[in-house]
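S.K.: I am attaching a structure below and will ask some questions about it afterwards.
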Amino acid sequence: MTSRSIRRATADDVQAITLIRNDAHANKVAHGDYAWGKDGDGFSERWVLNSLSRRAVYVVEHECMPVGTFSLDWDDEAYWGPQEPIAGYVHGLSVRKGFNGRGLGRFIVDWCADQVSILNRYYVRLGCDARNTKLCAYYESLGFARVGVKPMPELGDYVDSLFEKSVNPMRVSGC
């Protein structure tokens with residue numbers, strides 16, 4: 001049986017997260033997806049450490065080895081505009097080179113759905129480059145529906161596909 005877990009990242013994880021994010025960046029660039037920058041761009045340990053100070057970043061471990069990372073936010077006005085508190089927003093979903101195709105994305109999304117449900121929210125939301133048809137199809141295979149697009153003129157011709165997946169919120173009864 002495979003051992004997988006998700007935990008909140010700490011400063012001790014910066015080097016591993018930087019490696020994972022750069023592996024995912026290279027994979028995106030290989031598919032013509034420049035949402036995180038062009039070839040040769042990437043993430044520094046300083047960038048990762050700054051991210052840890054601003055948001056909830058998580059590490060995915062497979063057999064006690066860090067192999068994935070992502071953030072789960074509770075609002076996202078930059079992409080989704082002002083919203084009622086009905087969703088959780090996944091950002092930076094990244095898997096280490098050599099670990100793609102092992103179900104880690106589904107594991108992450110299911111974990112996020114559980115967290116969203118615990119807070120009595122209804123959706124897991126995320127976005128990706130509308131031109132990355134392979135990634136869009138992957139999110140659809142995980143049960144996400146494309147619900148819109150968001151042009152990002154500050155990023156040139158980048159257009160974000162907005163996806164959401166319904167979750168069943170846990171209803172806490174008064175009993």
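FYI, it's all coordinate maths here, none of it is from the lab. The model shown is predicted, which means the values in this text are computed figures rather than measured ones. Heads up, the Cβs are rebuilt from the backbone with ideal geometry, glycines too, and the neighbour counts pull from every protein chain shown.
S.K.: Residues with amide H under 5 Å of Arg96's amide H, sequence separation 5 or more or different chain, H placed in the peptide plane at 1.01 Å from N; which?
M.R.: Residues meeting the criterion, in which the H sits 1.01 Å from N, are Gly68.
S.K.: By the scheme Lys and Arg +1, Asp and Glu -1, what is the net charge of all other residues having a beta-carbon under 11 Å from that of Val90?
M.R.: Neighbour charge sum, excluding Val90 itself: -1.
S.K.: Moving on. Can you sort Arg4, Arg102, Arg125 by how many other beta carbons sit within 10 Å, fewest first?
M.R.: In order of increasing Cβ crowding within 10 Å: Arg102, Arg4, Arg125.
S.K.: Neighbouring Cβ atoms within 10 Å as the yardstick, rank Val149, Val48 fewest first.
M.R.: Numbers: Val149 12, Val48 24.
Least to most surrounded, the residues fall as Val149, Val48.
S.K.: Moving on. Counting helices only, and only those DSSP H runs with n ≥ 4, report the 222 nm mean residue ellipticity of the chain as the sum of -39,500 (n - 2.57) divided by its residues, in deg cm²/dmol to the nearest 500.
M.R.: Value at 222 nm, helices only: -9500 deg cm²/dmol.
S.K.: Can you say what percent of the DSSP beta bridges in the chain, counting only those with both residues inside, are antiparallel? Round to 5. Don't skip to the end; give the middle numbers.
M.R.: Values: 29 of 32 bridges.
Around 90 percent of the beta bridges assigned by DSSP in the chain are antiparallel ones.
S.K.: Using modelled amide H (1.01 Å from N, peptide plane; none on Pro or chain starts), what sits under 5 Å from the amide H of Tyr122, excluding residues fewer than 5 places away?
M.R.: HN-HN under 5 Å from Tyr122: Ala87.
S.K.: Related question: Given the options Cys136, Cys128, Cys64, which has the most mean-square fluctuation in a GNM of the chain, springs set between C-alpha atoms less than 10 angstrom apart?
M.R.: Cys64
S.K.: Per residue of the stretch 44-49, what does 6.51 cos²θ - 1.76 cosθ + 1.60 with θ = phi - 60° give for ³J(HN,Hα)? Whole Hz please, x for Gly and Pro, Karplus curve as stated.
M.R.: 9, 4, 4, 4, 5, 4
S.K.: Would you mind counting up the charge near Val159? Only other residues with Cβ under 9 Å from its Cβ, with Lys and Arg at +1 and Asp and Glu at -1.
M.R.: Net local charge, Val159 excluded: -1.
S.K.: Here's a follow-up. For every other residue with a beta carbon closer than 14 angstrom to the beta carbon of Asp76, add +1 if it is Lys or Arg and -1 if Asp or Glu, then tell me the sum. Let's see the in-between values first.
M.R.: On the way: positive: Arg54, Arg55, Arg121, Arg125, Lys150; negative: Asp73, Asp75, Glu77, Glu84, Asp160, Glu164.
Summing Lys/Arg as +1 and Asp/Glu as -1 gives -1.
S.K.: Can you grab the distance from the C-alpha centre of the stretch 34-76 to the C-alpha centre of the stretch 1-32, Å, no decimals?
M.R.: Between the Cα centre of the stretch 34-76 and that of the stretch 1-32, the gap is 7 Å.
S.K.: What do you get for Rg/Rh of the chain when both radii come from the Cα atoms and Rh is the Kirkwood radius?
M.R.: For the chain, the value is 0.95.
S.K.: What order do you get for Val57, Val29 when you list them from fewest to most C-beta neighbours inside 10 Å? Please report the intermediate quantities before stating the final value.
M.R.: Details: Val57 21, Val29 18.
Fewest-to-most ranking of Val57, Val29: Val29, Val57.
S.K.: Residues of the stretch 47-68 with backbone nitrogen within less than 20 Å of a virtual label 7 Å along the Cα-to-Cβ line of Arg102, please, listed as ranges.
M.R.: 58-68
S.K.: When the Karplus curve 6.51 cos²θ - 1.76 cosθ + 1.60 is applied with θ = phi - 60°, which whole-Hz ³J(HN,Hα) does each residue of the stretch 72-78 get, with x for Gly and Pro?
M.R.: 10, 10, 10, 7, 7, 5, 4
S.K.: Restricting to lysine pairs 8 or more places apart or on different chains, what number in the stretch 4-166 have Cα atoms under 20 Å apart?
M.R.: The number of close lysine pairs in the stretch 4-166 is 10.
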